[in-house]
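Everything on this sheet refers to the single structure shown next.
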Amino acid sequence: MLLHRLKNIFQKGKLPLKDVFQSAVFGGKREDYEFIEEQLLLSDIGVETTQKIIKKLKERVKEGVIIGRENIVEELKKIIKEILKDPLYFDLDEKGIILVSGVNGSGKTTSIGKLANYLVKNEKKVLLGACDTFRAAAFDQIEIWGNRANSFVYLPQNGKEPAAAAFESVNYGIENGYDKMIIDTAGRMHTNKNLMDELKKLYSVLKSKFPHIPLFSILVIDATNGKNTLHQAKNFKDAVNVDTIFLTKMDGTAKGGSVITIADELSLPISFVGVGESIEDIDFFDKNLFVDSIL
Ligand SMILES: Nc1nc2c(ncn2[C@@H]2O[C@H](COP(=O)(O)OP(=O)(O)O)[C@@H](O)[C@H]2O)c(=O)[nH]1
Ligand SMILES: [Mg+2]
């Protein structure tokens, strides 16, 4: 069911390549590569990733793997599947902390609501730690999502220091038998060193205070945000040792190619995809389905 919907979303961002290859006579000429390159760029695949793909294509032509336009689409699919990493998931049946970070407005709190709802539907006891302590409205937002997802929202009792808030939340969760503790964090820009250090601290406090509880670190990225977000996101990788990406707003204007760029440039797997604003609008990324849908 879910995957079917995801397929439709991806097809919306279909690369215009199939038609192109059907009409192009692929003879390994420079114009042919330039033409393919242009099409990849038009599909929102970034410059570096496009060059990587073209380089691999050329290698395969040299090696004689590509012998005509018949199998070029198949080879292109293989190349893109090699670029994309396999999705990574937390163990559903294990007690664990899920840390959610990302820039402002990327969709962290919404995505937490979706994840919590999914976990509760799978009979897990879920606590949401309200650790976005910057904005007054943040607690209200997480409470709204907590209610929708039938999850308990822990509001920190001892001030506004995010690392302390995260510690308190997880501690409460453990003492009260929760299966999953999902930590919301404030949005921040990578250029703000103080805020990034604060996030680093939050991560290391959780790691050191709860060494035996798996910590799964999710970076939320808005698929419609283009290249700038990518640069910002790289700093999150260092700060919170990101395991995987939750790619939001794929129902928006983002083309399929942006998924490939994000995965390649960040060198991270994509595991979750946001496909709308409501609680059920979450999908699990399937690399083969994705590539077969867009090409
Ligand atoms: N269309 C769409 N909107 C989304 C998705 N995920 C989040 N949003 C919207 O993005 C905006 C910011 O979301 P929020 O969770 O508050 O972001 P945060 O600041 O990172 O916590 C809200 O208007 C959400 O409804 C998605 O998958 N699709
Ligand atoms: Mg938020």
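Just checking, does the stretch 112-132 include any residue being within 8 Å of ligand 1 (Cβ to nearest atom) and not in a helix (DSSP H, G or I)?
Within the stretch 112-132, one or more residues are within 8 Å of ligand 1 (Cβ to nearest atom) and not in a helix (DSSP H, G or I).
Scan the stretch 252-276 for residues that are open to solvent by 20 Å² or more (accessible area, probe 1.4 Å) and within 16 Å of the chain's Cα centre (by Cα) and jot them down.
252, 255, 264, 265, 267, listed by residue number.
Keeping to the stretch 155-189, report how many residues are within 16 Å of ligand 2 (Cβ to nearest atom), open to solvent by 10 Å² or more (accessible area, probe 1.4 Å) and within 25 Å of the chain's Cα centre (by Cα).
2
Mind checking whether some residue in the stretch 250-271 is within 16 Å of ligand 2 (Cβ to nearest atom), in contact with a helix residue (DSSP H, G or I) (Cβ under 9 Å, 6 or more places away or on another chain) and touching a residue at least 40 places away in the same chain (Cβ under 8 Å)?
Within the stretch 250-271, none of the residues are within 16 Å of ligand 2 (Cβ to nearest atom), in contact with a helix residue (DSSP H, G or I) (Cβ under 9 Å, 6 or more places away or on another chain) and touching a residue at least 40 places away in the same chain (Cβ under 8 Å).
Please determine, by comparing only the residues of the stretch 201-237 that are charged (D, E, K, R), in contact (Cβ under 8 Å) with a residue 12 or more places away in the chain and outside any strand (DSSP E or B), which one is nearest to residue 186 (Cα to Cα).
Filtering first and then ranking leaves 201.
What are the residue pairs meeting all of these: first residue in the stretch 39-62, first residue within 15 Å of residue 255 (Cβ to Cβ) and aliphatic (A, V, I, L, M), second residue modelled with pLDDT of 90 or more and open to solvent by 40 Å² or more (accessible area, probe 1.4 Å), Cβ atoms under 9 Å, and 6 or more apart or on different chains?
Close Cβ pairs (under 9 Å, with a partner that is modelled with pLDDT of 90 or more and open to solvent by 40 Å² or more (accessible area, probe 1.4 Å)) amount to 41/47.
Mind checking whether some residue in the stretch 87-97 is β-branched (Val, Ile, Thr), closer than 25 Å to residue 286 by Cα and open to solvent by less than 20 Å² (accessible area, probe 1.4 Å)?
Yes, the stretch 87-97 has at least one match.
Among the residues of the stretch 190-221, which ones are open to solvent by less than 10 Å² (accessible area, probe 1.4 Å) and within 16 Å of the chain's Cα centre (by Cα)?
217, 218, 219, 220, 221
Could you grab me the full set of residues in the stretch 90-124 that are within 13 Å of the chain's Cα centre (by Cα) and either more than 15 Å from residue 216 (Cβ to Cβ) or of a type in the set (S, T, N, Q) (or both)?
101, 103, 106, 107, 111
Please enumerate the residues belonging to the stretch 33-62 that are outside any helix (DSSP H, G or I) and modelled with pLDDT of 85 or more.
Within the stretch 33-62, 45, 46 meet the criteria.
The values are calculated or read from the model by the stated rules, or taken from the named source; none is laboratory data. Everything numeric in this text was worked out from a predicted model, so none of it was measured. Glycine gets a Cβ as well: all are built from the backbone with ideal geometry, and neighbour counts include every protein chain shown. In case anyone asks, the SASA skips ligands and DNA or RNA and just uses the protein heavy atoms, side chains included. Shrake-Rupley method; radii C 1.70, N 1.55, O 1.52, S 1.80 Å.
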